[in-house]
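*Asks:* Supplied in structure tokens, the structure appears directly below.
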Amino acid sequence: MTTAEKKITLNGIDMLTLLGVNDANLNILEDRFNSTISVRGDIVNIKGVLEEVELVEKVIKEMAYVLNTSGRLNRNDVETILNLTVEGKEIINEEEFDSIVLYTKNDVVKAKTPGQKQYFQTANKNDICFAIGPAGTGKTYLAVALAVSALKRGIVKRIVLARPAVEAGESLGFLPGDFQDKIDPYLRPLYDALDDMMPSEKLKGYIEKNIVEIVPLAYMRGRTLNNAFVILDEAQNATDVQMKMFLTRLGANSKAIITGDITQIDLPSKSKSGLIQAKEILSGITGVGFVYFDRDDVVRHKLVKDIIDAYDKFNGNGKG
């Protein structure tokens, strides 16, 4: 018989609930299988006969999925999962599990399209990742999910999200309220994404303690960001000078994701877009990754893809 050893890293999982009171859930597995199952932190190590190790791995991943989608995991749940998995009736397959970016308060954020899966892999592999493509492809949402996941796992100590406050068709000076009131509409999509991914009170506490910071790009000047996950959204509207400034803010043990759509530039002169320039200058540098989305990666309403197609044809950019 072939023996094997498998390690499963369960990112963002409540391990106490997964294992059960006094390891009750873990004991069910140990009673059912001959494999040795040990847990340290969020890593589960399984040793035994290959076929059984693979089965135990599936059961544990199913348990993690059920816990984080339902918010509970009791003895009956574990028994049901175990029996279904042994019968080959998995709730989630291996590919789906490997594409999970984050378990949120209401749902699971996962890479759904080939482009999103490449994005997930590229962002994990590189300290700086550029995600370029049309609206609706999940560039910003997945970037925020990756940042929240890194914060929950203790990989970084803070999240900083920035956007250029470009006056796209309306002057900030004529908008009502103080500066924060004027700038909030530009930053609202980032707040919305965060609000989807963690309880409101926790998010409020993180913002008050500057563990999560959402700022206009201009506020990044002169700073060095250590132990941080930094996101620049709508980067097509950053000038070449702003882009260089942003990229050079990165400190020790930090990661950055830059998202943008080069067909939606609101700068007075499109030739000054820092995103377009960075694409030309930084391609090929080790540690900097680029991911390009297209209409096939759109995950919003099905009409969004048709709208993108229609505009591409109108502008002479259609495929074929």
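The values are calculated or read from the model by the stated rules, or taken from the named source; none is laboratory data. All of these numbers come straight from a predicted model, not from anything done at the bench. Every residue, glycine as well, gets a Cβ built from its backbone with ideal geometry; the counts of neighbours run over all protein chains shown. These area figures cover heavy atoms from the full protein model, side chains too; ligands, DNA and RNA do not enter into them. Shrake-Rupley method; radii C 1.70, N 1.55, O 1.52, S 1.80 Å.
*Asks:* Can you pull out the residues in the stretch 272-298 that are surrounded by fewer than 22 Cβ atoms within 10 Å (Cβ to Cβ) and in a helix (DSSP H, G or I)?
*Replies:* LYS272, ILE276, GLN277, LYS279, GLU280, ILE281, LEU282, ARG295, ASP296, listed by residue number.
*Asks:* I would also like to ask the following. Can you pull out the residues in the stretch 141-157 that are of a type in the set (Val, Ile, Thr) and open to solvent by less than 10 Å² (accessible area, probe 1.4 Å)?
*Replies:* Across the stretch 141-157, the qualifying residues are VAL144, VAL148, VAL156.
*Asks:* Open to solvent by 30 Å² or more (accessible area, probe 1.4 Å), at positive phi and at pLDDT below 85, is that true of GLY222?
*Replies:* Taking the combined requirement at face value, the residue does not satisfy it.
*Asks:* Can you confirm whether THR263 is under 23 Å from PRO189 (Cα atoms), hydroxyl-bearing (Ser, Thr, Tyr), out of contact with any Asp or Glu (no Cβ under 8 Å at 6 or more places or on another chain) and not in a helix (DSSP H, G or I)?
*Replies:* For THR263, the condition - under 23 Å from PRO189 (Cα atoms), hydroxyl-bearing (Ser, Thr, Tyr), out of contact with any Asp or Glu (no Cβ under 8 Å at 6 or more places or on another chain) and not in a helix (DSSP H, G or I) - is met.
*Asks:* Take the stretch 246-265 and flag every residue that is modelled with pLDDT under 90 and not polar (S, T, N, Q).
*Replies:* Across the stretch 246-265, the qualifying residues are ILE262, ILE265.
*Asks:* Name the one entry in ILE231, ILE308, ILE211 that is touching a Leu at 6+ places or on another chain (Cβ under 6 Å) and either at pLDDT 90 or above or open to solvent by 10 Å² or more (accessible area, probe 1.4 Å) (or both). Working first, answer last.
*Replies:* On the way: ILE308 fails: touching a Leu at 6+ places or on another chain (Cβ under 6 Å); ILE211 fails: touching a Leu at 6+ places or on another chain (Cβ under 6 Å).
Within the list ILE231, ILE308, ILE211, the selection yields ILE231.
*Asks:* Can you tell me which residue is nearest to ALA150 (Cα to Cα) among those in the stretch 38-52 that are surrounded by fewer than 21 Cβ atoms within 10 Å (Cβ to Cβ) and of a type in the set (A, V, I, L, M)? Outline the logic, then answer.
*Replies:* So the first thing to find is which residues in the stretch 38-52 are surrounded by fewer than 21 Cβ atoms within 10 Å (Cβ to Cβ), and the list is 38-43, 45, 47-52.
Narrowing the set further to residues that are of a type in the set (A, V, I, L, M) leaves 39, 43, 49-50.
Details: VAL39: 20, ILE43: 15, VAL49: 33, LEU50: 31 Å.
Among them, the one singled out is ILE43.
*Asks:* With respect to LYS112, determine if the residue is at pLDDT 70 or above, part of a loop (DSSP other than H, G, I, E, B) and either surrounded by fewer than 23 Cβ atoms within 10 Å (Cβ to Cβ) or touching a Lys or Arg at 6+ places or on another chain (Cβ under 9 Å) (or both). Quick ask: steps written out before the conclusion?
*Replies:* Numbers: at pLDDT 70 or above: yes; part of a loop (DSSP other than H, G, I, E, B): yes; either surrounded by fewer than 23 Cβ atoms within 10 Å (Cβ to Cβ) or touching a Lys or Arg at 6+ places or on another chain (Cβ under 9 Å) (or both): yes.
Yes: the conditions hold for LYS112.
*Asks:* Next question. Condition first: farther than 15 Å from MET63 by Cα, over 30 Å from the mean Cα position of the chain (by Cα) and surrounded by 14 or more Cβ atoms within 10 Å (Cβ to Cβ). Now tell me which residues in the stretch 1-31 satisfy that.
*Replies:* Answer for the stretch 1-31, where residues must be farther than 15 Å from MET63 by Cα, over 30 Å from the mean Cα position of the chain (by Cα) and surrounded by 14 or more Cβ atoms within 10 Å (Cβ to Cβ): just ALA4.
*Asks:* Regarding the stretch 238-245, can at least one residue be identified that is part of a strand (DSSP E or B), within 14 Å of LEU161 (Cβ to Cβ) and at pLDDT 90 or above?
*Replies:* So far as the stretch 238-245 goes, no, none of its residues is part of a strand (DSSP E or B), within 14 Å of LEU161 (Cβ to Cβ) and at pLDDT 90 or above.
*Asks:* Checking ASP261 against (1) within 20 Å of PHE293 (Cα to Cα); (2) surrounded by fewer than 19 Cβ atoms within 10 Å (Cβ to Cβ); (3) in contact (Cβ under 8 Å) with a residue 12 or more places away in the chain, which test does it fail?
*Replies:* (2)
*Asks:* Hey, which of the strands (runs of 3 or more DSSP E) in the stretch 10-109, taking only ones fully inside, have at least 1 residues that are out of contact with any Phe, Trp or Tyr (no Cβ under 6 Å at 6 or more places or on another chain), modelled with pLDDT of 90 or more and acidic (Asp, Glu)?
*Replies:* Strands (runs of 3 or more DSSP E) meeting the threshold: none at all.
*Asks:* Across the stretch 57-72, which residue is farthest from LEU26 (Cα to Cα) among those that are under 21 Å from the mean Cα position of the chain (by Cα) and of a type in the set (Val, Ile, Thr)?
*Replies:* Filtering the stretch 57-72 for residues that are under 21 Å from the mean Cα position of the chain (by Cα) and of a type in the set (Val, Ile, Thr), the one farthest from LEU26 (Cα to Cα) comes out as THR69.
*Asks:* Restricted to the stretch 190-208, and to residues that are in a helix (DSSP H, G or I) and in contact (Cβ under 8 Å) with a residue 60 or more places away in the chain, which residue is nearest to SER149 (Cα to Cα)?
*Replies:* Checked the stretch 190-208; the qualifying residue nearest to SER149 (Cα to Cα) is MET197.
*Asks:* Only residues that are in a helix (DSSP H, G or I) and surrounded by fewer than 21 Cβ atoms within 10 Å (Cβ to Cβ): list them for the stretch 121-140, please.
*Replies:* Correct list: GLN121, THR122, ASN124, LYS125.
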